[in-house]
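A.B. asks: For reference, the structure I am asking about is given below.
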Amino acid sequence: MDSFAERSRLITASEIRELLKLVNRPGLISFAGGIPASELFPYDEVEAAYQRVFSQSKETAARALQYSVSEGYPPLRELIKEKMEKLGIKLSLDNIMVTSGSQQALEFMGKLFVDRGQPVVVENPTYLGALQAFIPTQPSYLTVPIDDEGLQIDELAKVINQHPKFIYTISNYQNPGGVTLSHARRLRLIELAHRYDVPVIEDDAYGALYYEGEPETPIIALDAAQRGGDIDQTNIIYLSSASKILAPGFRVAWAVGPKAAIERMVMLKQGADLHSSTANQMLVHELMTQPAFVDHLAKLRQHYGERRTAMLNAIEKHFPPGVAYTRPNGGMFIWATLPPVFNTKQLLQQALDEINVAFVPGAAFFADRSGTNTLRLNFSMMPPERITEGIELLGGMLTRELEKAGVAAQ
Ligand SMILES: Cc1ncc(COP(=O)(O)O)c(C=O)c1O
């Protein structure tokens, strides 16, 4: 069979994924994943929530098993509404829809805004899954670099007059960069987005996972605040998800934004999957309304925070001076940049062979395929001791390689 559409040919298996598939071997210390720690899932609470959904009454159980509305389970949307109202946003349930993971919302963003070849702004680097989600609509990319304060607004200002169809930003503890868009830049982003009338997709997958200081106010709340709280006057579509705070297996996430956009996204959803799993939406609602949820979040922050600190301390101690890295206050990733002569794809192969350590070479996260000297390190999936051990090994290897290349003193 080979009569596939042109668009399907754009979707190629990731080389990195193929390489990492082979690495299920004993003793491997992997910083390559990007997923929650399964030992931290709230197993007992999930079991209790199942009990409540399925044993409470025949009506509730039937509701969980039945088709439901494309917009999403109303009590879950009501809960999201309350959360957004606490940020000073005035909105109704029509401003909120449930999606099957934020991944689905990202695919809708492409379909909603972009015709083939039209430009969109993405951070350089950005979430690889977003680049994959946008493939079917075949945008062109205007890439804007990030630094310790997130998306570089001065750089954005240079390209925004090319009329991008949207600006996609991962505002908190970015995947892969670990950096957060600063308050001042959020305000400048809003100003530019309105001046040029460009929608902003604010992907807040990691905002609840903070380990130091409080998270920044969401861009959508700052935008609404400038417009009397009215969400329909904002230029933002805000995405968040139960994946990182509960469990990704539920595939429950939400999009919040002006009615005009949500309405069209709901129509796209009808064509995509009718609605997200009713049972899972009810479970997520149950879980998020229990008092134990607050404790669960605190537990995640404590464990992930320890892992982050272990990784940062080990990097500080063992990485050679020629390697720059980010110091995230939340999320799951640290991002490292080597001197330009290095190719981290080759270094991954070497790390697997020599020290049994894995990471993700950074180029995959760049829409323009630059960043061949960068790499992403995940810290959510391993206990601190293993993290320290793996970073020590990696630091040793990088030190040797930098010495060989004669760039140790940079
Ligand atoms: C920045 C970002 N956005 C979206 C997603 C997708 O999450 P979900 O499980 O909600 O589809 C991820 C998952 O890793 C992510 O890192």
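None of the figures in this text is laboratory data; all of them are computed from the coordinates on show. Computed from a predicted structure; not experimentally measured. We place every Cβ from the backbone using ideal geometry, glycine too, and count neighbours over all the protein chains shown.
A.B. asks: In deg cm²/dmol, rounded to 500, what helix-only [θ] at 222 nm does the chain give when every DSSP H run of at least 4 residues adds -39500 (n - 2.57) and the total is split over its residues? Present the calculation step by step, with values, prior to reporting the outcome.
C.D. replies: Details: 15 runs with 178 residues, N = 410.
Dividing the helical sum by the residues of the chain leaves -13500 deg cm²/dmol.
A.B. asks: Let me know the shape class of segment 132-291, please: from the alpha-carbon gyration tensor, a ≥ b ≥ c as square roots of the eigenvalues, rounded when a/c is under 1.5, otherwise prolate if a/b is greater than b/c, or oblate.
C.D. replies: Details: a/c = 1.61, a/b = 1.32, b/c = 1.22.
Prolate shape, in that a/c is at least 1.5 and a/b is the bigger ratio.
A.B. asks: Sorting check: for 134-144, 293-303, 355-365, which peptide has the highest mean count of neighbouring beta carbons within 10 Å, and how do the rest follow?
C.D. replies: On the way: 134-144: 18.8, 293-303: 14.9, 355-365: 22.0.
In decreasing order of mean packing, 134-144, 293-303, 355-365 become 355-365, 134-144, 293-303.
A.B. asks: Can you pull out the trypsin sites (Lys or Arg not before Pro) in segment 320-410 that DSSP calls coil and that have at most 16 other Cβ atoms within 10 Å?
C.D. replies: Here the sparse-neighbourhood loop sites are R369.
A.B. asks: Can you pick out the pairs among K111/K269; K21/K244; K111/K259; K81/K111; K111/K158 whose Cα atoms lie more than 20 Å from each other? Each step should come with its number before you reach the end.
C.D. replies: Numbers: K111/K269 11 Å; K21/K244 23 Å; K111/K259 17 Å; K81/K111 25 Å; K111/K158 26 Å.
Exceeds cut-off: K21/K244; K81/K111; K111/K158.
A.B. asks: Based only on other Cβ atoms within 10 Å, what is the fewest-to-most ordering of T372, T169, T289?
C.D. replies: Values: T372 17, T169 27, T289 12.
Going from least to most buried by this count: T289, T372, T169.
A.B. asks: Could you pull out every one of the lysines with an alpha carbon less than 26 Å from that of K404, ignoring same-chain neighbours closer than 8 positions?
C.D. replies: List returned: K317, K345.
A.B. asks: A further question follows. Only helices at least 24 Å long along their axis, Cα-based, and averaging -0.5 or more on Kyte-Doolittle count here, so list those DSSP H runs from the chain.
C.D. replies: Details: long enough: 292-318 (39 Å, -0.70); 384-405 (31 Å, -0.30).
Helices meeting the span and hydropathy rule in the chain are 384-405.
A.B. asks: Something else now. Can you order the peptides 51-59, 201-209 by their average number of other Cβ atoms within 10 Å per residue, highest first? Don't jump to the answer; show the numbers that get you there.
C.D. replies: Values: 51-59: 12.0, 201-209: 24.3.
Most protected by this proxy first, the peptides run 201-209, 51-59.
A.B. asks: Could you please rank M97, M282, placing first whichever residue has the fewest other Cβ atoms within 10 Å of its Cβ? Provide the component values of the computation, followed by the final result.
C.D. replies: Values: M97 28, M282 24.
So the residues, fewest neighbours to most, are M282, M97.
A.B. asks: Calculate the length of the line joining the C-alpha centroid of segment 110-133 to that of segment 42-99, in whole Å.
C.D. replies: First find each Cα centre; the distance between them is then 29 Å.
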